[in-house]
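K.L.:
Questions regarding the structure given below will be posed in turn.
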Ligand SMILES: CC(C)(COP(=O)(O)OP(=O)(O)OC[C@H]1O[C@@H](n2cnc3c(N)ncnc32)[C@H](O)[C@@H]1OP(=O)(O)O)[C@@H](O)C(=O)NCCC(=O)NCCS
């Protein structure tokens, strides 16, 4: 992952706005987006450890994400190295929502559209057919995360709403900032064309 730009061309969600004819540096890494497998659990665990302020859940938790929830999780590899990860699922009582649990982009791969491209790739899968909106939680000071999800809402022409959900004292034992629930959707609401 030595380059400074990414080639998203072969992904399910080609989010790279660069025209195809634009010459790319020789070192441009090729990004592959894929459904994770159990063998990826340890790699995902290590990537998350390198992406503070993300909670480090157990490796076992990541293994469950890579197996039971694999269809709604995504691993992005740059020249074969793990560069990005999203864990997500469709809540059993809210099947039209994709709940995004964690987004991790390796420091060297940030600011190039990878986080957004992984969300686009998830939303283009058969496993998310019928999904009309996204939910996630964000702590107040995580500017990159707010910017990522506002960008997703803007690009999908969708309303963006947020409210405090898991409270620092009431739910998190005073050990973690309040998590704000962000709801994006329905997609295309402003244009009147339900996604
Ligand atoms: C948050 C994170 C996933 C963003 O990933 P990324 O691949 O760098 O984001 P993208 O390049 O797709 O950017 C998407 C949008 O967010 C904006 N953005 C990204 N990082 C930003 C930052 N640090 N400050 C301000 N805006 C930022 C981009 O400019 C872009 O906006 P645009 O579409 O209006 O141009 C990444 O910074 C990260 O892994 N952080 C550590 C872990 C974390 O906090 N995860 C989120 C909580 S679940």
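K.L.:
Apply the Kirkwood formula to the stretch 33-113: the hydrodynamic radius equals the inverse of the mean of 1/r over all pairs of different alpha-carbon atoms; give it in Å with one decimal.
P.N.:
Kirkwood hydrodynamic radius for the stretch 33-113: 12.8 Å.
K.L.:
Per residue and in Å³, how big is the convex hull formed by the alpha-carbon atoms of the stretch 88-195?
P.N.:
110 Å³
K.L.:
Sorted from largest down, give the three principal axis spans of the alpha carbons of the stretch 75-141, whole angstrom values.
P.N.:
Principal-axis extents of the stretch 75-141 (Cα, largest first): 37, 32, 16 Å.
K.L.:
Next question. Under a point spin-label approximation (7 Å from Cα along Cα-to-Cβ), what is the residue 60-residue 124 distance to one decimal in nm?
P.N.:
Using points 7 Å along Cα→Cβ, the separation is 3.7 nm.
Every number in this text was worked out from the coordinates using simple rules, so none of it is lab data. Small disclaimer: the values here were computed from a predicted structure and weren't measured. As a convention, Cβ positions derive from the backbone with ideal geometry for all residues, glycine included, and neighbour counts pool all protein chains shown.
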